[in-house]
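The values are calculated or read from the model by the stated rules, or taken from the named source; none is laboratory data. Quantities reported herein were computed from a predicted structural model and do not represent experimental measurements. Note: ideal-geometry Cβ built from the backbone for every residue, glycine included; neighbour counts use all protein chains shown. Protein only, heavy atoms only, side chains kept; ligands, DNA and RNA dropped before computing areas. Shrake-Rupley method; radii C 1.70, N 1.55, O 1.52, S 1.80 Å.
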Amino acid sequence: MAGKITPTAEDALIVIDVQNDFCPGGALAVPKGDEIVPLVNRLIEQFDHVVLTQDWHPRGHSSFASTHKGQPFTNLRLAYGEQTLWPDHCVQGTSGAEFHRDLAVRPSELVLRKGFRTEIDSYSAFYENDRTTKTGLCGYLRDRGLKRLFMCGLATDFCVAWSALDGRREGFPVVVIEDACRAIDLNGSLAAARGEMIKAGITIANSAQIT
Ligand code: VGL
Ligand code: ZN
């Protein structure tokens, strides 16, 4: 295991999509997704600045298989490119869209909702899946003088990886805290995402290194 990393006042912890629908029993359950909650809560205590993201889809969202009368976990070509179709999940205002009940939400300074446009999905916390529509997170972080990003949450191979890669592309040093994430792992997506993150210069760390 690599060396210790000490959070500073210019670091932000970005907690991705720790919501009921991504936990066991939820509509798009990530295996063992709920196991990360105690680790994430410990991390939240260690950072001065915490951002939570919340997947937040309207009914009939274009990423839902049901919208296209298609099968979940298959791909469909939408206006902006290939989109994986998912079971209906994180529908605005439903209990599935709420944060896990044990997540320490109070210290967070921003709750960033994403995926709220019917026609465009948004895995990344920075750019929607058309890769051009911005969420505003980059401007927020820059305006607040936050310079290094730590990420954890659900799912490693989709929203965490896409957020980490976009953060890196925007020029931030990015650390993904791997044991505080869980993956969906569709057709090797976890290994692919991990490889891309390493290639992009993202640091893959363990929560025990953060002290
Ligand atoms: C996610 C699939 C669809 C995620 C969100 O949070 O990783 N994955 N919507
Ligand atoms: Zn979603």
GluC sites (Glu not before Pro) within region 1-68: DSSP coil, no more than 16 neighbouring Cβ in 10 Å:
Glu10
Can you run phi through the Karplus equation (6.51, -1.76, 1.60; θ = phi - 60°) for region 42-52 and list ³J(HN,Hα) in whole Hz, with x for Gly and Pro?
5, 4, 4, 5, 7, 10, 6, 10, 10, 10, 9
Contact order relative to length of the chain, as percent, for alpha carbon pairs under 8 angstrom and 6 or more apart
26 percent
Ignoring ligands, DNA and RNA, what accessible area per residue does region 86-168 give at 1.4 Å, in Å²?
42 Å²
Among the lysines, which have Cα under 26 Å from the Cα of Lys69 when same-chain residues fewer than 8 positions away are ignored?
Lys114
Where the centroid of each part is defined by its Cα atoms, how far is region 38-73 from region 91-136 in Å?
6 Å
Could you give the size of the charge dipole of region 1-93 about its Cα centre, using +1 on the Cβ of each K and R and -1 on the Cβ of each D and E, expressed in debye and rounded to the nearest 20?
360 debye
Using θ = phi - 60° and Karplus 6.51 cos²θ - 1.76 cosθ + 1.60, couplings along region 135-144 (whole Hz; Gly, Pro as x):
8, x, 5, 4, x, 4, 5, 5, 4, 8
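Could you state the per residue volume, in Å³, of the convex hull enclosing the Cα atoms of the chain? Before the final figure, lay out the partial values.
Numbers: hull volume 23.5 nm³, N = 211.
Per-residue hull volume (Cα only) is 111 Å³.
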Using +1 at the Cβ of each Lys and Arg and -1 at the Cβ of each Asp and Glu in the chain, identify which of Leu85, Leu39, Trp162 lies farthest towards the dipole's positive end.
Trp162
What is the spread of the Cα atoms of region 120-204 along each of their three principal axes, largest first, in whole Å?
37, 28, 21
